[in-house]
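Student: Right, I'll just put the structure down here and ask away after.
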Amino acid sequence: MTWTARRRLAALLFTLIAGSSAAADEKPKPPQGAGLGPEQVQSGKALYAEHCSHCHGFGMINGGNVVPDLREFPPDAERRFVDTVAHGRNNRMPPWGDVLSPPEIEALWAYVRTQGK
């Protein structure tokens, strides 16, 4: 494993550990913003199961591998989420912009905002 890969892994683990203790103290927050209704969340859940769960885990719970835990995705990072889903990231996350429409990516975001609940 290269030095850069070790640093990235250490940063990811630190983020996950720090986030999990803070998240345990907070109650789940409902999705905020226009258009994040139950229908959109359900649509996003179905799209997630079909396209995302293979890597990110069912219900956003992964087996501790190197893919990000989407339950920890910052709630104010919609633009980053949409860009990552549409265009891919770091040659690890494949681009889905040619498979998923913008409304489908928005539905995925609505589901991610629920933290898999």
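Every number here is computed from the coordinates shown, using simple stated rules; none is lab data. What you see is a predicted model; the values in this text were computed from it and never measured. Here Cβ is always computed from backbone atoms with ideal geometry, including for glycine, and neighbour counts include all displayed protein chains.
Student: Listed highest first by mean packing, meaning other Cβ atoms within 10 Å per residue, what order do 106-114, 79-87 come in?
Tutor: Descending mean neighbour count gives 106-114, 79-87.
Student: Compute the semi-axes of the equivalent ellipsoid of region 36-117, taking the square root of 5 times each eigenvalue of the Cα gyration tensor, and list them largest first in whole Å.
Tutor: 17, 15, 12
Student: Just want the ordering: His56, His51, from fewest to most Cβ atoms lying within 10 Å of their own Cβ.
Tutor: His51, His56
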